[in-house]
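What follows draws every value from the coordinates through simple rules; no lab data is involved. Being a predicted model, the structure only gives us computed values, none of them experimental. As a convention, Cβ positions derive from the backbone with ideal geometry for all residues, glycine included, and neighbour counts pool all protein chains shown.
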Amino acid sequence: MKHNAILCGLIISALSMAHGQINWTQHLIEGAFAGAISIHAVDIDSDSDIDVVGAAFNQGEISWFENDGNENFTEHSVVTGFAGVIFVTAGDIDDDTDIDIVGTTNSTDLIVLWTNDGNENFAPDTIATGFDGAHSVYIADINADDDMDLLCAAYNEDAIHWWENDGNQNFTERIITDALDGAWTAYPSDIDDDGDLDVVAAAREADEVCWFENDGNENFTRHIVDNLFDGAHIVITADVDSDNDIDIIATARTADDIAWYENDGTENFTKHMITDDYDWPTFVCTCDIDDDNDMDIVSAAYYAGDISWWENDGSENFTKQTISASFGGAIPVTAIDVDDDVDIDVIAAAYDLGDITWWENDLTAVDENGTGYLPIQNRGASILTSIRDLDYLTPYTIYDATGRVADRESLHAGTYFIETSGEIAYKVVVVR
């Protein structure tokens, strides 16, 4: 189901449209987080700004970094002595409207949940021991019973398992496969659009990208997408080509590849290479970085020390745009609006540097007196229920962030500007 929320900005006068330009400003969140290996961006303390949860492999620590609302971050330790911590995620596991944290260790083979009491005091609960070489963990309602389960991959065990939550945080282990050589990532997604969650996986030793089809009763059938993807590492999903089905994006750290696999709507996948020369790619994520209503890709490369975004021209031709080329040991990367200015920023962690950093996106879509910059004080917003709530302005024209006329009946998520009576009168943000 799609929902629209329209945020209608303050009146902006005498503005002229210009093509978007992106500049990135680097901000350090933490510079002494040894072996920074995993991050998750979320509002931990429910104060309406974006905090960051991080895991540090070398110091065996999970911490969360509190945003004071002005992007000054304070570290709060969740656990120390958590040897081999490799992956962290966060979500409301116990359905009490606050954010809990889950982490895995690949040397001590643990999956642990830290429950938030609502005041950011976290109590540990060990979900699994002996899950050999545990790596990725994601929070999802696998069996559609309105509580949050856990999905995990284990490299040494060649396994993808999920832990069923009974609604009271008692977890029962369920097997999807124990025969995926070097299982590294298991990602929940409804690939076949049948209303249940399937699982997309990457296996480093099998060099495989595959998906496991859920029959609706949590019986899973494996479908191979690519078994020649050397060192398959991270896999995610998104509708890359805006054709209303779910595609797959994956990295191969041995082959130095980033590829996306186009779903034809009946789960036949065609491979498209984004790059085959990206030195040890690790994580990727998808978002519309340049606000032009198509899906771009953000990436990290460990050996290259690189954070980049890959600009989609609208026809799924991707051009690399470098954010940083000196972020040594880059592993996790994510994209979210950190500073609440309605453009997408980037957060990443560097294992070698021990840094967690965010890059501020200064997308300039509107000129004011030729400056190419929309002042922050002009970005306030109020909420409307539908784009049709602007009909009292008729006639009006909608422009996207690049200055092109947009059709109101087919607006994607993004930022738009409303022209009426010969001037730009409103800024609106459409969220779907």
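Quick notes
- The stretch 167-245, dipole about Cα centre (Lys/Arg Cβ +1, Asp/Glu Cβ -1), debye to the nearest 20: 460
- Around the Cα centre of the stretch 131-174, unit charges on the Cβ atoms of Lys, Arg, Asp and Glu (plus for the first two, minus for the last two) sum to a dipole of about 160 debye.
- Inter-label distance, nm, simple model (7 Å from Cα along the C-beta direction), residue 239/residue 132: 4.2
- Cβ-defined net charge surrounding residue 34, 11 Å radius [Lys, Arg +1; Asp, Glu -1]: -4
- Rounded Å value of the spacing that divides the Cα centres of the stretch 250-278 and the stretch 214-246: 11
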